[in-house]
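The structure that follows is given in the form of C-alpha cells.
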Protein chains: 2
Amino acid sequence: MARKKEYNESEVIESAMSLFWRNGYTNTSTRMLEKEMGINQFSIYASFGSKHGVFLESIKLYKSKIKEITNALNESENGVEAIKKYFYDFIKFSSNNNKCKGCLLTNTVNELGLEQDKLITKEVFNFTNSLKELFYQKLKESQIKDEKTLESQAAYLMVSMAGLSVVSKVFSKELLNNYIENIFKNM
Amino acid sequence: MARKKEYNESEVIESAMSLFWRNGYTNTSTRMLEKEMGINQFSIYASFGSKHGVFLESIKLYKSKIKEITNALNESENGVEAIKKYFYDFIKFSSNNNKCKGCLLTNTVNELGLEQDKLITKEVFNFTNSLKELFYQKLKESQIKDEKTLESQAAYLMVSMAGLSVVSKVFSKELLNNYIENIFKNM
DNA sequence: ACAATAACTAAGCATTTGCTTTGATATTAT
DNA sequence: ATAATATCAAAGCAAATGCTTAGTTATTGT
C-alpha cells in the first residue's frame, strides 16, 4: 500500500503549542510552525487542515497539561493552603528558563478578544468557572464562613488567578511572590 | 506659498489611539488607520513617518489621558479610600460603551512582549513604578504601619491594578466590583 | 494673475501571509 | 518485482501588509 508518516502527530503538536504559547496566534506564521514542528506545510495541512486546526490541537494539549495542577488542588486536603500552592504551581508550570509565558488560554482571549474565536472563549469561561468552583470547595473545607463570603472569596481568588496568569509574564518573581502572599494574608 | 493641512494632527491621533486601543498594534493595519483617521496613507506617513510613529503618538496621548485619574489620586487626601477610587476610576476610564479596553500600555507589552518594543516597555515600568510610589504615599497617609508593610502593600496593589487592567477586558462588572472590594477589605 | 509649493488621490512596490499544487520518493500488499 | 498510493520537498498562488511614488489639485506670497 502506502508509506507511513515519518512524524508523530502528538509530538509535533507539543512543539506547535510551545511556539503558540511563546508568540501568540497571529505572530506565529505557518513558516515558523514548519520549522518548529520539523515537518513541512503539506504535512501540517494534511494532518490538521489549517493553522487554526493546529492551534485547536495545541489548546487541547495545553488543557491536558494544566489539568495536572488543578488535579493536585482537587486532591489536596489542605484547604486554603492548597489554593495558595496552586498559585505558586501555576508560575512554575508556565515558566520556561526563568520566564513566564502566562496561560495559553488567557493569552489567546487577550490577543483575539472575546468575539473572534468563540470556541476558545467558551473554553476559557468553562475553565474559569470550574476553577472558581474548585476554590469554593477548598475554602469551605478549611473555613467556617457563610455562603456569601465563600462565594465572594472564591470569585475574588479566581479573578486574581486570571490576573496573575497575565502579570506573571512581566513582573519579577519577587513582586509575584509578594502579590500571592498578600492575597492570602487575610484569607 | 503652499496649501495648508486639512486635518489636525492631534485630532487624527485621537482616532488612531482609539483604534490601537481596541485592536492592538499588529491587528491595526495602515488601511484601517487611513479609514479611522480620515486621511490617506500619504498624509499619515508625511505627518508621522511610519505606523510605529503613529503608535508612539497614540501612546503619548494615552498617557496624558490616564494622567488625569492619577492626578486625582495624587491630589486626594482620603488615603487608602482614594486608591480604591482609583481602581474604579480606571474601569470607567477604559470603558467604551460598557466594554473595557484595558490599558493601552499593558495591552501592548502583553501583545509584543518585553523585548520587541523597548521604548514601550520602559514607559510601562516608569508608569508602574510611579504608581507603586503613589500608592505607598497614600497608604502612609491613612495608616500607621511599618515601612516594610507599606512597601509590601503598595507593591501588591500595583500588581493587582496591572492585573485588573487586563482582566477588566474579560469579566463582568459584577466580578470586577467583587474583586476590588475584596482587595481593599483588609487594607 | 501666476509661479511656487505643500497636500491631496490613487496606483504600485516588495514582502509576508495562509494555503495549494506539482512532481518526485519511499513503502506497502500482492 | 511491481503497481498502488501515501508522504515528502519545493515552488507557486492570491490576498494583505507597510510603505513609496507618480501625478493632480489647491492655496499661498508676490
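Where a number appears in this text, it was derived from the coordinates with a stated rule and is not lab data. Note that the structure is predicted; figures quoted are calculated from it, not measured. With ideal geometry, Cβ positions are generated from the backbone for all residues, glycine too; neighbour counts draw on all protein chains shown.
As a test of the formula, what do you get for chain B when each DSSP H run with n ≥ 4 contributes -39,500 (n - 2.57) and the sum is divided by the residue count, at 222 nm and rounded to the nearest 500 deg cm²/dmol?
Value at 222 nm, helices only: -25500 deg cm²/dmol.
Between region B:142-187 and region B:91-117, how far is it from one alpha carbon centroid to the other, in angstrom?
Their Cα centres are 18 Å away from one another.
Let me ask another. To the nearest 0.05, how large is the calculated FRET efficiency for A:K85 and B:R31 if R₀ is 56 Å and r is the Cβ-Cβ distance?
Numbers: r = 49 Å, r/R0 = 0.88.
Once the sixth-power term is evaluated, E becomes 0.70.
For chain B, with only Lys/Arg (+1) and Asp/Glu (-1) charged at the beta-carbon, what is the dipole magnitude about the Cα centre, in debye rounded to 20? Walk me through the intermediate numbers first.
Working: 26 positive and 23 negative charges, 77 e Å.
Magnitude of the dipole: close to 380 debye.
Here is a further query. I'd like to know which of A:A82, B:L104, B:F42 lies farthest towards the positive end of the charge dipole of the protein assembly as shown, counting +1 on Cβ of Lys and Arg and -1 on Cβ of Asp and Glu.
With unit charges placed on the Cβ atoms, the residue in question is B:F42.
Would you work out if chain A is rounded, prolate or oblate? Take a ≥ b ≥ c from the square roots of the eigenvalues of the alpha-carbon gyration tensor; rounded if a/c is under 1.5, else prolate when a/b is larger than b/c, oblate otherwise. It would help to have the intermediate numbers written out before the result.
On the way: a/c = 2.36, a/b = 2.14, b/c = 1.10.
Judged from the Cα gyration tensor, chain A comes out prolate (a/c at least 1.5, a/b above b/c).
Peptide A:169-178: average number of partner chain Cβ atoms within 10 Å per residue?
Numbers: counts 4, 11, 7, 0, 0, 1, 7, 1, 0, 8.
Mean partner-chain Cβ count within 10 Å for A:169-178: 4.
Given axes a ≥ b ≥ c from the Cα gyration tensor, I'd like to know whether region A:75-155 is rounded (a/c under 1.5), prolate (a/b larger than b/c) or oblate. Write out the running numbers ahead of the final one.
Numbers: a/c = 3.18, a/b = 1.43, b/c = 2.21.
It comes out oblate by the Cα gyration axes.
Still on this structure, please answer the following. Which of the GluC sites (Glu not before Pro) found in region B:1-92 are in a DSSP loop and have at most 10 neighbouring Cβ atoms, other than their own, within 10 Å? List each step's numbers first, then the result.
Details: sites: B:E6, B:E9, B:E11, B:E14, B:E34, B:E36, B:E57, B:E68, B:E75, B:E77, B:E81; in loops: B:E6, B:E77.
Taking region B:1-92 and a limit of 10 other Cβ atoms within 10 Å, the loop GluC sites (Glu not before Pro) found are B:E6, B:E77.
Would you please classify the overall shape of the protein assembly as shown from the alpha carbon gyration tensor, given that a ≥ b ≥ c denote the square roots of the eigenvalues, rounded means a/c under 1.5, and beyond that prolate means a/b larger than b/c while oblate covers the rest?
On the way: a/c = 2.11, a/b = 1.03, b/c = 2.04.
Judged from the Cα gyration tensor, the protein assembly as shown comes out oblate (a/c at least 1.5, b/c at or above a/b).
Right, here's the next one. Label-to-label distances across copies for A:E14, with labels 7 Å out along Cα→Cβ, in nm, shortest first?
5.5
Suppose every K and R has +1 on its Cβ and every D and E has -1 on its Cβ; what is the size of the dipole of the protein assembly as shown about the Cα centre, in Debye to the nearest 20?
Values: 52 positive and 46 negative charges, 126 e Å.
For this selection, approximately 600 debye.
Another one. Nearest 20 debye, what's the magnitude of the dipole of region A:1-95 about its Cα centre given +1 on Lys and Arg Cβ and -1 on Asp and Glu Cβ?
Values: 14 positive and 12 negative charges, 65 e Å.
Here region A:1-95 has a charge dipole of around 320 debye.
Using the 10 angstrom Cβ neighbour count as an exposure proxy, how do B:T30, A:T121 rank, fewest first? Intermediate results must be reported in sequence, preceding the final value.
Working: B:T30 15, A:T121 18.
Placing the least packed residue first, the sequence is B:T30, A:T121.
Continuing with this model, one more query. Quick check: the angle from helix B:147-167's long axis to the longest principal axis of chain B, C-alpha only, nearest 10 degrees?
So the inclination is approximately 40 degrees.
Something else now. So how much slack lies between B:K65 and B:T149, counting 0.36 nm per residue of separation and subtracting their Cα-Cα distance, in nm? Write down the numbers at each step before the final one.
Values: separation 84, 0.36 × 84 = 30.24 nm, distance 3.12 nm.
Working it through step by step, the gained length comes to 27.1 nm.
I've got another one for you. Considering only chain A, pick the residue with its Cβ nearest the axis of the rotation onto chain B, and state the distance in whole Å.
Value returned for chain A: A:G163, 1.
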